[in-house]
Amino acid sequence: MKLENQQQEHTGSYYAASVNEHTSYPQLSDSHEVDVCVVGAGFTGVATALTLAERGFSVALLEANRVGWGASGRNGGQLINGISGSAKVNKANGGNYDDLLWDLGWRGNTIIRERIEKYGIQCDFKEGFVEVAVKPKQVPWLEEYAEEREARNFPHRWEIWSREETQDKLGTDAYHGAFACFRDGHLHPLNLCIGEAKAAAGLGVKIFEQSPVTHIDHGDHPVVHTAKGQIKASAVVLAGNAYGQLEPKHLSNLVFPAGSYIIATEPLSDDVVAEINREDVAVCDVNNVVDYYRLSGDRRLLYGGACNYSGRDPSDIEAYIRPRMERVYPQMKDVRIEYQWGGKIGIVLNRVPAVGRVNGNVYYCQGYSGHGVNATHVMGEVMADAIGGTLETFDLFANVGHFRIPGTRWLGNQIIALGMLYYKMKDKI
Ligand SMILES: Cc1cc2nc3c(=O)[nH]c(=O)nc-3n(C[C@H](O)[C@H](O)[C@H](O)COP(=O)(O)OP(=O)(O)OC[C@H]3O[C@@H](n4cnc5c(N)ncnc54)[C@H](O)[C@@H]3O)c2cc1C
């Protein structure tokens with residue numbers, strides 16, 4: 001089987017240029033036997049492997065390229081509570097799981113904080129995530145967030161910002177108001193992923209890079225194959241997300257890859273930082289097709305957005321994203337862009353992560369619809385619970401029906417692109 005993402009080094013992102021350490025785990029060769037084999041070393045795979053290892057399972061983690069090579073090492077770094085599609089998960093399970101899903105939506109946030117602390121991971125973590133209204137009609141949505149926090153006696157800091165406060169704190173008149181939550185935050189995602197993988201390796205997880213899985217022989221003890229080796233396990237977890245192509249009979253056209261793109265400016269002066277983001281928060285608008293930005297640890301503006309379903313990255317990402325940044329920050333027009341990159345988000349039609357089993361002992365977990373730093377960590381725990389025999393939370397997600405668009409992935413992408421065009425037009429109204 002030929003995999004399009006076979007054995008590549010990291011993309012030319014700011015993150016790849018600022019890693020704490022370059023990983024060089026061996027390629028898989030020969031035969032190995034473990035309790036659980038995890039395929040894909042993004043946040044989902046690494047979190048699953050680490051949680052299992054913390055619970056005493058023997059684990060192998062196979063990555064086609066490098067740890068964090070996919071979306072996990074390229075994303076906006078915004079740590080945002082919630083799991084997309086939670087309301088649908090609740091509805092599909094009879095409607096009594098609202099509180100459980102609310103708590104679950106914060107669990108990844110807690111896991112990440114604990115792991116940063118426990119394993120000493122340097123990933124520039126900062127508290128503060130701000131959702132901004134780009135239109136007056138979006139302000140009541142932010143007020144609803146506040147009402148929910150109040151109703152739930154949310155114990156952490158949050159604030160509603162008026163138009164004037166938003167302008168003062170973010171140095172732009174592009175927004176009509178904001179909701180700030182300081183339990184959320186932002187971080188260097190590739191350094192987090194590499195740090196968590198290192199913690200897993202420290203607990204005995206056998207990590208193999210440059211080892212694309214070609215196929216799985218199913219059975220009581222499935223065998224996972226790469227070109228040069230194989231792993232026999234009692235259970236397998238597929239965590240390839242938008243880059244995954246295994247088990248097409250069960251998984252094709254369930255998750256669609258959508259490109260999202262980021263530019264990183266040169267480091268900004270103290271004056272500019274004080275003007276545009278003195279509280280050093282992550283910012284995301286509440287459109288259907290979002291723009292998002294934050295400052296890096298060395299105070300570059302990382303500005304991202306724009307979804308593309310064509311399967312082809314724009315030839316000039318700066319030309320694609322820069323006008324969006326300058327609409328918000330016209331004062332940035334002379335700032336130099338030093339990095340530009342993109343990655344693939346896994347979109348699911350109903351926005352509920354696609355969680356389930358190919359058969360009794362081959363599990364999958366993918367498709368966070370652009371909202372995965374927190375959710376992947378929740379799901380790592382949910383997958384580890386399921387493998388350990390506690391299936392309640394896993395089943396909440398697995399019970400949700402998913403529509404698979406018939407035909408090729410190309411056709412599916414065109415259908416999704418049409419849907420997104422509708423939402424983009426709605427954002428403009
Ligand atoms: C540009 C961008 C910005 C984003 N911004 C944010 C944000 O700010 N906040 C947020 O919450 N979410 C964001 N997201 C989404 C978030 O990054 C993802 O939801 C999350 O990283 C998914 O993690 P994952 O481990 O499931 O998948 P990935 O990180 O994509 O990892 C999958 C891995 O599986 C490997 N793989 C695939 N097939 C095989 C195989 N056959 N054998 C071995 N390995 C295989 C791949 O090489 C890859 O490394 C963003 C995504 C992108 C692309």
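The values are calculated or read from the model by the stated rules, or taken from the named source; none is laboratory data. What you are looking at is a predicted structure, and each value in this text was computed from that prediction instead of being measured. Note that each Cβ is placed from the backbone with ideal geometry, even for glycine, and that neighbours are counted across all protein chains shown.
Out of (1) within 13 Å of the ligand (Cβ to nearest atom); (2) within 18 Å of G70 (Cβ to Cβ); (3) assigned to a loop (DSSP other than H, G, I, E, B), the odd one out for R312 is which?
R312 satisfies every listed condition except (1).
Please pick out the residue among M325, M332 that is more than 14 Å from the ligand (Cβ to nearest atom) and buried (at least 22 other Cβ atoms within 10 Å of the Cβ).
Every option except M325 fails the conditions.
Can you tell me how many residues in region 258-271 are farther than 20 Å from E127 by Cα, more than 9 Å from the ligand (Cβ to nearest atom) and not in a loop (DSSP other than H, G, I, E, B)?
4
Please determine, by comparing only the residues of region 50-63 that are buried (at least 24 other Cβ atoms within 10 Å of the Cβ) and not in a helix (DSSP H, G or I), which one is farthest from the ligand (Cβ to nearest atom).
So, considering only residues that are buried (at least 24 other Cβ atoms within 10 Å of the Cβ) and not in a helix (DSSP H, G or I), the one farthest from the ligand (Cβ to nearest atom) is V59.
Identify, from the list R336, R300, R357, R351, the residue that is modelled with pLDDT of 95 or more, closer than 28 Å to K135 by Cα and either among the charged types (D, E, K, R) or under 19 Å from the mean Cα position of the chain (by Cα) (or both).
R300
Look at region 177-197 and say how many of its residues are within 16 Å of the ligand (Cβ to nearest atom) and surrounded by fewer than 21 Cβ atoms within 10 Å (Cβ to Cβ).
Summing the residues that are within 16 Å of the ligand (Cβ to nearest atom) and surrounded by fewer than 21 Cβ atoms within 10 Å (Cβ to Cβ) in region 177-197 gives 1.
If we keep just the residues of region 387-406 that are assigned to a loop (DSSP other than H, G, I, E, B) and of a type in the set (V, I, T), which is nearest to V89 (Cα to Cα)?
It comes out as V400.
Hey, among the residues in region 335-361 that are charged (D, E, K, R) and within 16 Å of the ligand (Cβ to nearest atom), which one's surrounded by the most Cβ atoms within 10 Å (Cβ to Cβ)?
Per the criteria, the residue is K344.
Considering only region 170-206, state which residues are among the basic types (K, R) and either assigned to a strand (DSSP E or B) or without any contact (Cβ under 8 Å) to a residue 12 or more places away in the chain (or both).
R183, K206 - these are the residues of region 170-206 that are among the basic types (K, R) and either assigned to a strand (DSSP E or B) or without any contact (Cβ under 8 Å) to a residue 12 or more places away in the chain (or both).
In region 218-248, what residues are over 30 Å from Y320 (Cβ atoms) and either under 25 Å from the mean Cα position of the chain (by Cα) or among the β-branched types (V, I, T) (or both)?
Matches in region 218-248: V223, V224, T226, I231, A235, V236, V237, L238, L246, E247, P248.
Exactly one condition in (1) touching a residue at least 60 places away in the same chain (Cβ under 8 Å); (2) assigned to a helix (DSSP H, G or I) is false for N90; which is it?
So N90 meets the others, but not (1).
Filter region 20-39 down to the residues that are surrounded by 13 or more Cβ atoms within 10 Å (Cβ to Cβ), in contact with a helix residue (DSSP H, G or I) (Cβ under 9 Å, 6 or more places away or on another chain) and charged (D, E, K, R) and list them by number.
Selection gives D35 alone.
Filtering region 362-373 down to residues that are under 19 Å from H188 (Cα atoms) and in contact with a strand residue (DSSP E or B) (Cβ under 6 Å, 6 or more places away or on another chain), which residue is nearest to the ligand (Cβ to nearest atom)?
V373
Looking only at region 99-146, which residues are free of Cβ contacts under 8 Å to residues at least 12 places away in the same chain and within 18 Å of V281 (Cβ to Cβ)?
Answer for region 99-146, where residues must be free of Cβ contacts under 8 Å to residues at least 12 places away in the same chain and within 18 Å of V281 (Cβ to Cβ): there is none.
For region 412-419, check the following and say yes or no: at least one residue is surrounded by fewer than 17 Cβ atoms within 10 Å (Cβ to Cβ), more than 20 Å from Q78 (Cβ to Cβ) and either at pLDDT 95 or above or in contact with a strand residue (DSSP E or B) (Cβ under 6 Å, 6 or more places away or on another chain) (or both).
Within region 412-419, not a single residue is surrounded by fewer than 17 Cβ atoms within 10 Å (Cβ to Cβ), more than 20 Å from Q78 (Cβ to Cβ) and either at pLDDT 95 or above or in contact with a strand residue (DSSP E or B) (Cβ under 6 Å, 6 or more places away or on another chain) (or both).
Which ones in region 141-169 are of a type in the set (D, E, K, R) and outside any loop (DSSP other than H, G, I, E, B)?
E143, E144, E147, E148, R149, E150, E159, R163, E164, E165, D168, K169
Listed residues A47, A16; which is surrounded by fewer than 21 Cβ atoms within 10 Å (Cβ to Cβ) and among the aliphatic types (A, V, I, L, M)?
Answer to the check: A16.
Looking only at residues in region 138-157 that are basic (K, R) and surrounded by fewer than 13 Cβ atoms within 10 Å (Cβ to Cβ), which one is farthest from the chain's Cα centre (by Cα)?
R152
For the condition farther than 22 Å from L246 by Cβ and under 16 Å from the mean Cα position of the chain (by Cα), what is the one hit in G73, G68, G108, G95?
Matching residue, one of G73, G68, G108, G95: G108.
Which of the residues that make up region 231-251 are surrounded by fewer than 20 Cβ atoms within 10 Å (Cβ to Cβ) and more than 13 Å from the ligand (Cβ to nearest atom)?
Scanning region 231-251 gives K232, S234, K249, H250.
N288 is checked against (1) within 12 Å of the ligand (Cβ to nearest atom); (2) part of a loop (DSSP other than H, G, I, E, B) and fails just one. What number does that condition carry?
(1)
Test each condition in (1) without any contact (Cβ under 8 Å) to a residue 40 or more places away in the chain; (2) closer than 18 Å to G70 by Cα for S269 and report the one that comes out false.
Here S269 clears every test but (2).
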